[in-house]
Amino acid sequence: MTTNLATQIVWLFMLAIPIACVAWTVTHEEVFREPREYCANRSKTCRRLIERKFFYLFTCEYCFSHYVTVLFLWLSGYKLLFPDWRGYLIGGFALVWVANQYMSIYNRLRLDIKSERVEIETKEVVRDQVKNGGSQEQAEKEINRDGQDRQDKSKASAKGI
């Protein structure tokens with residue numbers, strides 16, 4: 001059974017949503033932190049290349065999205081452009097690409113929300129310090145110094161110091 005191109009395109013963009021959701025959740029969210037940390041450690045310490053690559057796939061949303069896509073292709077039978085194995089192949093790569101675009105948009109949105117939250121908190125601190133008799137310039141200097149301290153700590157923890 002062949003479906004028209006418009007239906008295939010709708011399926012492409014709709015099926016990519018749960019693929020992106022599963023790939024993002026496993027590779028980024030707190031609920032899978034412990035297994036992800038275990039896999040990250042094993043991806044660095046296993047002796048054989050195949051073992052390192054196997055464990056790495058659970059830490060990389062792009063890599064993991066390929067495997068999630070294969071699962072969803074099997075579950076849905078989705079094919080793009082061709083009614084045979086070529087449709088699975090093209091559909092699979094198209095789904096991976098769209099799912100990764102969704103994850104990039106989601107990541108950017110989260111960063112924007114976090115930076116807005118930090119900006120609001122900063123303005124509230126300045127307002128409170130000025131309200132309590134401090135100067136706005138001094139409050140801004142303290143906030144900038146605190147922000148630099150947090151950046152230094154985060155860089156140190158990323159390096160394992």
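By the equivalent-ellipsoid construction on the alpha carbon gyration tensor, region 53-143 comes out with semi-axes of 50, 13, 8 Å, ordered largest to smallest.
Could you please report the charge total around Ser104, scoring K, R as +1 and D, E as -1 over all other residues with beta-carbon less than 15 angstrom from its beta-carbon? Local net charge: 0. Near Cys21: Cβ cut-off under 12 Å, other residues only, Lys/Arg at +1 and Asp/Glu at -1. The net charge is -2.
Calculated on C-alpha atoms, the gyration radius of region 5-115 divided by its Kirkwood radius gives an Rg/Rh of 1.04.
Structural descriptor for region 5-115: relative contact order 31 percent, calculated from alpha carbon pairs under 8 angstrom and at least 6 residues apart.
Just so you know, all these numbers are worked out from the coordinates, no wet-lab data involved. What you are looking at is a predicted structure, and each value in this text was computed from that prediction instead of being measured. For neighbour counting, all protein chains shown are included, and Cβ atoms are generated from backbone atoms with ideal geometry for every residue, glycine included.
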